[in-house]
């Protein structure tokens, strides 16, 4: 990494004191498309994917992009063209991946609350597998499949009771979480699934959380899952694939952030465990999301006002918690940098806040910035769980999205208007 590159984001760099993404200046994109503006680097996505592909070289494997991280059709299309499968959690997400050209047979349907309508939709589309998250879901899935004259391919999502050492809102593998089947109930659940005529058991699934930056939770989870595989197969139920979920974190640039392991280095250690226990040649499936797109995106925003105060100085920007929910929701850190670097300018400590009428509408606490009214800022690492979680709070339209490929900028979402928001509403 050169001194002009940003931490963890080699496809964003300063050239002549101006921030660029691949072969385009972010200033020029903001001038052409307005702000707030989400900009994604295609090369960054493919580079992140390549680390997983290197890790699985020579293995039977399928990388399924967890599209809840960023569901933009243009982003999904990048991973379709790269040969990925997809991890979905709703019928709407299924429609999106199919609209982007995905192969339904490479789609995995996760989530604790699948409706009968969504199950029918997925069965009729011919998806590859349902990750079942409860014993009650097995019964419903069996009934819907029999009603359609189909057999549903299933894997059971197991809850290994492993602490991922992450934010409690995005921890999913502990006993107190709503996800998966408890470790002690897994064998009985597989035996029930194998007995139901509308189901075909094809695999096992485990996902312990999100934004994980340590190796140890993954290593612990693999050991526990393989213990279960051994017990399940000893009972006469063969598992075609082993799915170890996603959850690998990214470096958001904060001083408190741990640098996550590289995907290929992590999988070298996980595969060594699989090989040692004789499972290394099974079909391996993983469901990365944030680690593929998080550091591929930025949100460009304009400084509306600088508001000095007795206790704090405020930098009011035109991006808000409806555009960037992670700080308000998770107390998350995003690096914030001016689009034009002025190293000689004096910095001031600011609270970076949005225009929404909520005290929780903040984007960054205590940031040293050299800015003036009208300047543009980049909120970095905004490729995951930003636009995917965006809302119309305060009747704010959702931002436009741009996909950059070298020197080409493609509009993959037009800026939302108030008329767009009101289209399905009616006066009495």
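The values are calculated or read from the model by the stated rules, or taken from the named source; none is laboratory data. Nothing here was measured: the structure is a model prediction, and the numbers come from that model. Neighbour counts run over all protein chains shown; Cβ positions are idealised from the backbone, glycine included.
Give the residue that is nearest to the chain's Cα centre (by Cα), with candidates limited to residues of the range 125-135 that are within 12 Å of residue 180 (Cα to Cα) and surrounded by fewer than 22 Cβ atoms within 10 Å (Cβ to Cβ). Ranking the qualifying residues of the range 125-135, first place goes to 134. Inspect the range 336-356 for any residue being in the same structural domain as residue 32 (by TED's automatic domain parsing), closer than 23 Å to residue 68 by Cα, touching a residue at least 60 places away in the same chain (Cβ under 8 Å) and touching a strand residue (DSSP E or B) at 6+ places or on another chain (Cβ under 6 Å) and give the result as yes or no. No: zero hits. Whenever a residue of the range 19-45 is free of Cβ contacts under 8 Å to residues at least 40 places away in the same chain, its partners that are in a helix (DSSP H, G or I), lying with C-beta atoms within less than 8 angstrom and at least six residues away or across chains, give the pairs 20/26.
If you filter the range 368-393 down to residues that are touching a helix residue (DSSP H, G or I) at 6+ places or on another chain (Cβ under 8 Å) and either over 19 Å from residue 210 (Cβ atoms) or outside the structural domain of residue 314 (by TED's automatic domain parsing) (or both), you find that the one that is surrounded by the most Cβ atoms within 10 Å (Cβ to Cβ) is 378. Is it the case that some residue within the range 359-367 is crowded, with 18+ Cβ neighbours inside 10 Å, in a loop (DSSP other than H, G, I, E, B) and touching a strand residue (DSSP E or B) at 6+ places or on another chain (Cβ under 7 Å)? Yes, the range 359-367 contains at least one residue that is crowded, with 18+ Cβ neighbours inside 10 Å, in a loop (DSSP other than H, G, I, E, B) and touching a strand residue (DSSP E or B) at 6+ places or on another chain (Cβ under 7 Å). Of the listed requirements (1) assigned to a helix (DSSP H, G or I); (2) touching a strand residue (DSSP E or B) at 6+ places or on another chain (Cβ under 9 Å); (3) in contact (Cβ under 8 Å) with a residue 40 or more places away in the chain; (4) surrounded by fewer than 21 Cβ atoms within 10 Å (Cβ to Cβ), residue 261 misses just one: (1).
Just a yes or no: is a residue in the range 146-165 touching a residue at least 60 places away in the same chain (Cβ under 8 Å) and part of a helix (DSSP H, G or I)? Checked the range 146-165: no residue is touching a residue at least 60 places away in the same chain (Cβ under 8 Å) and part of a helix (DSSP H, G or I).
Would you be able to say whether some residue in the range 174-186 is modelled with pLDDT under 95 and in a strand (DSSP E or B)? Scanning the range 174-186 turns up at least one residue that is modelled with pLDDT under 95 and in a strand (DSSP E or B).
Can you confirm whether residue 79 is more than 23 Å from residue 379 (Cα to Cα), crowded, with 22+ Cβ neighbours inside 10 Å and without any contact (Cβ under 8 Å) to a residue 24 or more places away in the chain? Explain how you work it out, then say what you get.
Working: more than 23 Å from residue 379 (Cα to Cα): yes; crowded, with 22+ Cβ neighbours inside 10 Å: yes; without any contact (Cβ under 8 Å) to a residue 24 or more places away in the chain: no.
Answer is no for this residue.
Taking the range 42-65 as the search range and keeping residues that are within 17 Å of the chain's Cα centre (by Cα) and surrounded by fewer than 16 Cβ atoms within 10 Å (Cβ to Cβ), which one is nearest to residue 293 (Cα to Cα)? Among those that are within 17 Å of the chain's Cα centre (by Cα) and surrounded by fewer than 16 Cβ atoms within 10 Å (Cβ to Cβ), it is 47.
May I ask you to say which residue of 406, 388, 397 is at pLDDT 95 or above and touching a strand residue (DSSP E or B) at 6+ places or on another chain (Cβ under 9 Å)? Let's see the steps before the verdict.
Numbers: 388 fails: touching a strand residue (DSSP E or B) at 6+ places or on another chain (Cβ under 9 Å); 397 fails: touching a strand residue (DSSP E or B) at 6+ places or on another chain (Cβ under 9 Å).
Only one candidate passes the filter, namely 406.
Regarding the range 37-55, can at least one residue be identified that is in a loop (DSSP other than H, G, I, E, B) and either assigned by TED's automatic domain parsing to the domain that holds residue 407 or touching a strand residue (DSSP E or B) at 6+ places or on another chain (Cβ under 7 Å) (or both)? Explain how you work it out, then say what you get.
First pass over the range 37-55, keeping only residues in a loop (DSSP other than H, G, I, E, B): none.
No - not one qualifying residue is present in the range 37-55.
Just one of the numbered conditions (1) without any contact (Cβ under 8 Å) to a residue 60 or more places away in the chain; (2) closer than 23 Å to residue 209 by Cα; (3) part of a helix (DSSP H, G or I) is not true of residue 291: (1).
Answer with yes or no whether residue 351 is closer than 18 Å to residue 325 by Cβ and either outside any loop (DSSP other than H, G, I, E, B) or more than 22 Å from the chain's Cα centre (by Cα) (or both). So residue 351 passes the test. When the range 8-19 is filtered for residues that are surrounded by fewer than 17 Cβ atoms within 10 Å (Cβ to Cβ) and either at pLDDT below 70 or part of a loop (DSSP other than H, G, I, E, B) (or both), the ones remaining, listed by number, are 16, 17.
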